[in-house]
Amino acid sequence: METGFITEVDRYLFGEGTHYEIYKKLGAHLTEYQGKKGVYFAVWAPNARNVSVVGDFNGWIGYNHNMTRLGTSGIYELFVPGLTAGELYKFAIVTPSGQTIMKADPFGNYSEMRPNTASIVTDITGFEWTDKSWEHHSNPMAIYEVHIGSWKKTADVEAGGFYNYVDMAHELGAYVKEMGYTHVELMGIAEHPFDGSWGYQVTGYFAPTSRYGTPKDFMYFVNYMHNMGIGVILDWVPAHFPRDSHGLANFDGTCVYEYADTRKGEHPDWGTKIFDYAKHEVSNFLISNALYWLKEFHVDGLRVDAVASMLYLDYGKTPGNWVPNKYGGHENLEAIEFFRHLNSVVARQVPSAIVIAEESTAWPSVTKTPEEGGLGFVYKWNMGWMNDFLEYVKTDSLYKKFNHNKMTFSMTYAFSEKYILVLSHDEVVHLKCSMLEKMPGYFEDKFENLKTAYTFMFGHPGKKLLFMGQEFGQLREWSEERSLDWYLLQEKEHKNLQKYVKRLLHLYTQHPAMTELDESWEGFEWMNCEDGDRSTFSFVRKDKTGKKCLLFVMNFTPMLWEKYRVGVQSKTGCKVLLDSYKDSLETSVSRVFKTEEIPCDNQDYSIELDLKPMQSLIMEFAMTEKKVKVEDKKLKTEKAPEDKEQKTTNDKKTVEKKIVKTPEKAEKTPNNKKTSSLS
């Protein structure tokens with residue numbers, strides 16, 4: 001008997017892939033029917049012979065709670081009176097072959113703590129949000145990537161040593177606010193059975209993991225963060241899902257959520273299943289899931305994991321073990337359409353949402369709109385910059401001069417997409433060493449190297465992301481099994497590094513020169529990108545007024561460069577805002593370098609300084625209009641005025657010509673797969 005909760009229109013829209021709030025219909029919902037309170041269950045199992053609801057309430061035997069199939073939609077429904085929040089349940093599905101299998105609810109909002117796998121009836125309505133005044137701003141954007149389960153541990157062994165979402169909100173919120181980050185990006189929030197997957201093998205797409213509390217506890221976390229002025233981004237995994245028997249794999253005994261052809265439907269590297277993006281219902285499942293987190297939990301954005309693995313049919317596969325598209329190419333046309341659909345819907349329904357692509361190849365137009373032929377993401381992780389940057393900074397100082405272009409090459413494509421510069425969890429696991437241990441030199445030198453590396457990163461165009469622990473020099477590689485080594489902050493070097501990163505973060509958020517022209521050549525100019533022999537770099541970040549520009553000077557060697565001259569566009573001097581060489585990091589003592597009318601670096605003025613070993617300087621100055629020679633004035637009056645667009649193009653070409661030494665690819669090819677098999 002049909003209840004009428006899921007209408008014919010609901011079924012039609014779901015079949016078309018456009019029921020963007022289908023999560024309000026499928027799953028388990030506390031409601032009232034024919035004057036009785038209870039729970040309404042609905043599940044999509046198109047090839048099942050029969051589906052029933054089982055739980056403690058019926059001894060896990062479902063013959064008294066068989067569900068009704070709704071026409072040809074493949075949806076089954078049942079209202080069970082008398083059930084309340086907290087009931088455990090699963091769906092008992094009879095497959096086409098007659099086997100009965102037990103599945104957790106794909107749309108369930110809450111799950112048992114692993115290793116148990118039942119879904120739990122819960123009510124996610126009624127939370128009292130107080131973040132209505134919260135306004136998301138993506139500029140500036142300094143992200144702290146966090147794994148809640150290992151940021152800090154409690155002494156509560158029974159709880160797995162995990163902080164509750166509520167307690168974590170207070171601990172993490174205070175720390176992030178003090179440090180100066182603008183956002184947190186959370187790993188592993190959707191329910192997952194295996195801690196070692198870090199949350200990248202999801203079984204409960206609509207359930208915040210019970211490791212850290214209830215769905216409303218997680219709402220509290222987001223609400224509290226917003227009231228602290230901190231945005232929340234979630235890692236989101238539409239690329240693959242695990243084979244666990246209670247999950248989505250072979251859901252009704254057939255390939256419902258995954259491609260049926262194993263050459264398309266399995267990731268050999270990860271041992272996981274690949275969503276069938278061609279099915280409207282599967283696409284609808286994922287898009288509604290994205291909107292669920294954005295709308296119901298008020299999260300500010302989603303970082304989409306492993307985008308490259310979705311875009312390429314041959315990703316991680318050997319010849320003959322993948323299926324070309326209808327044109328004979330290796331692009332997954334269905335995944336491309338899925339991304340365009342997803343990002344168009346999110347942009348329309350939640351305009352402030354940030355959808356970020358972890359895309360590790362040179363796929364074009366990732367952050368252009370679908371109307372422009374792009375995928376529609378708001379930002380893309382800059383993996384090309386990350387790889388070149390890490391190769392350079394971990395190289396011994398003696399050999400850095402032979403790798404100088406690794407630090408300059410990224411500027412040839414810095415504005416081709418809207419980028420986030422990332423030093424994520426993937427870079428500090430699987431024997432890659434922590435960020436501090438990547439640095440060359442003696443123990444004390446490692447800290448100075450890392451300060452200079454971070455200074456370059458924060459000055460380079462693009463939003464910023466640092467993984468937890470990198471800000472204070474975590475020594476050991478990260479492991480989800482243990483807390484960060486906070487005791488290291490009792491050591492002077494680690495504490496000073498943390499203070500330095502804090503100063504960088506506050507400079508970044510307080511100085512428009514570092515953010516407001518972040519996506520254009522108007523905001524960046526090299527002073528000297530060619531001093532490879534001394535492994536130094538200098539560049540300028542500009543604000544819109546030209547009155548508070550910033551000059552960055554960095555020495556990546558343990559050598560003192562006396563009387564080092566740097567060109568500057570100012571005749572009034574440069575005020576030091578941050579000096580990595582001063583361990584005390586005083587803010588009360590300000591130094592000003594007097595500029596001299598000595599041409600250098602194609603500028604009319606310059607400063608002279610003794611550039612100390614591995615020293616970084618950030619200086620503020622007001623821009624002075626560049627002098628024009630008499631003959632240049634005469635030439636200018638004789639020439640016809642250039643078209644504004646042509647002038648911009650010419651200016652860009654001039655800057656690019658100064659930068660480019662040897663042609664290289666901007667980013668890694670599809671064959672350079674992810675180094676982690678888990679994320």
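The values are calculated or read from the model by the stated rules, or taken from the named source; none is laboratory data. Because the structure is predicted, anything quoted here is derived from the model rather than measured. Note that each Cβ is placed from the backbone with ideal geometry, even for glycine, and that neighbours are counted across all protein chains shown.
Okay, here's what the table says:
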| quantity | calculated |
| --- | --- |
| Search result, residues across region 574-590 that are surrounded by fewer than 13 Cβ atoms within 10 Å (Cβ to Cβ) and at pLDDT 70 or above | S590 |
| Meets criteria (farther than 30 Å from V51 by Cα and of a type in the set (S, T, N, Q)) for N223 | yes |
| Region 370-394 - residue that is surrounded by fewer than 22 Cβ atoms within 10 Å (Cβ to Cβ), touching a Ser or Thr at 6+ places or on another chain (Cβ under 8 Å) and part of a loop (DSSP other than H, G, I, E, B) and, of those, modelled with the lowest pLDDT | G373 |
| Flag if E448 is touching a Cys at 6+ places or on another chain (Cβ under 7 Å), farther than 18 Å from Y181 by Cβ and not hydroxyl-bearing (S, T, Y) | no |
| Residues located in region 557-571, provided they are part of a loop (DSSP other than H, G, I, E, B) and either within 12 Å of L617 (Cα to Cα) or in contact with a strand residue (DSSP E or B) (Cβ under 6 Å, 6 or more places away or on another chain) (or both) | Q569, S570, K571 |
| Hits in region 221-277 - residues which are more than 30 Å from S133 (Cβ to Cβ), touching a strand residue (DSSP E or B) at 6+ places or on another chain (Cβ under 8 Å), of a type in the set (A, V, I, L, M) and surrounded by fewer than 22 Cβ atoms within 10 Å (Cβ to Cβ) | A249 |
| Test: residue in region 488-500 that is part of a helix (DSSP H, G or I) and aromatic (F, W, Y) | yes |
| In region 475-491, the residues that are in contact (Cβ under 8 Å) with a residue 24 or more places away in the chain and more than 21 Å from the chain's Cα centre (by Cα) | L475, R476, E481, R482, S483, W486 |
| Selection count where residues are β-branched (V, I, T) and over 23 Å from L421 (Cβ atoms), scope region 142-192 | 5 |
| Pairs, first more than 19 Å from L333 (Cβ to Cβ) and in contact (Cβ under 8 Å) with a residue 24 or more places away in the chain in region 256-275, second polar (S, T, N, Q) and outside any strand (DSSP E or B), C-beta under 6 Å, six or more apart | D269/S677; W270/S677 |
| Residue among S397, S352 that alone is surrounded by fewer than 20 Cβ atoms within 10 Å (Cβ to Cβ), within 18 Å of the chain's Cα centre (by Cα) and in contact (Cβ under 8 Å) with a residue 40 or more places away in the chain | S352 |
| One residue from G71, G62 being over 30 Å from H341 (Cβ atoms), of a type in the set (G, A, S) and either surrounded by 21 or more Cβ atoms within 10 Å (Cβ to Cβ) or over 40 Å from the mean Cα position of the chain (by Cα) (or both) | G62 |
| Among (1) closer than 15 Å to D195 by Cβ; (2) surrounded by fewer than 16 Cβ atoms within 10 Å (Cβ to Cβ); (3) in contact (Cβ under 8 Å) with a residue 24 or more places away in the chain, the one test that S150 misses | (2) |
| Residue identified as in contact with a Gly (Cβ under 6 Å, 6 or more places away or on another chain) and either of a type in the set (S, T, Y) or not in a loop (DSSP other than H, G, I, E, B) (or both) among M219, M225 | M225 |
| Test: M219 is over 18 Å from K273 (Cβ atoms), in contact with a helix residue (DSSP H, G or I) (Cβ under 7 Å, 6 or more places away or on another chain) and in contact (Cβ under 8 Å) with a residue 40 or more places away in the chain | no |
| Failed condition for G320, given (1) surrounded by fewer than 20 Cβ atoms within 10 Å (Cβ to Cβ); (2) under 30 Å from Y110 (Cβ atoms) | (2) |
| Enumeration of residues in region 306-324 that are small (G, A, S) and assigned to a loop (DSSP other than H, G, I, E, B) | A306, G316, G320 |
| Residue in region 425-448 that is under 23 Å from L551 (Cα atoms), touching a helix residue (DSSP H, G or I) at 6+ places or on another chain (Cβ under 9 Å), buried (at least 17 other Cβ atoms within 10 Å of the Cβ) and touching a residue at least 24 places away in the same chain (Cβ under 8 Å) present | yes |
| Condition broken by D195, with the remaining ones in (1) free of Cβ contacts under 8 Å to residues at least 60 places away in the same chain; (2) over 30 Å from Q510 (Cα atoms); (3) surrounded by fewer than 23 Cβ atoms within 10 Å (Cβ to Cβ) satisfied | (1) |
| Any hit, region 467-485, residues being buried (at least 22 other Cβ atoms within 10 Å of the Cβ) and either modelled with pLDDT under 95 or within 24 Å of K575 (Cβ to Cβ) (or both) | no |
| Condition met for V232 (in contact (Cβ under 8 Å) with a residue 40 or more places away in the chain and either touching a Leu at 6+ places or on another chain (Cβ under 9 Å) or on the phi > 0 side of the Ramachandran plot (or both)) | yes |
| R243, sole failed condition from (1) assigned to a loop (DSSP other than H, G, I, E, B); (2) in contact (Cβ under 8 Å) with a residue 40 or more places away in the chain | (2) |
| Odd one out for K495 among (1) free of Cβ contacts under 8 Å to residues at least 60 places away in the same chain; (2) in contact with a helix residue (DSSP H, G or I) (Cβ under 8 Å, 6 or more places away or on another chain); (3) farther than 20 Å from S580 by Cβ; (4) of a type in the set (K, R) | (3) |
| Among the candidates Y20, Y33, residue that is in contact with a Ser or Thr (Cβ under 7 Å, 6 or more places away or on another chain) and in contact (Cβ under 8 Å) with a residue 60 or more places away in the chain | Y20 |
| Number of positions in region 530-554 that are surrounded by fewer than 20 Cβ atoms within 10 Å (Cβ to Cβ) and closer than 17 Å to M411 by Cβ | 3 |
| Qualifying residue in region 407-421 (condition: under 23 Å from N555 (Cβ atoms), among the aromatic types (F, W, Y) and touching a strand residue (DSSP E or B) at 6+ places or on another chain (Cβ under 6 Å)) | no |
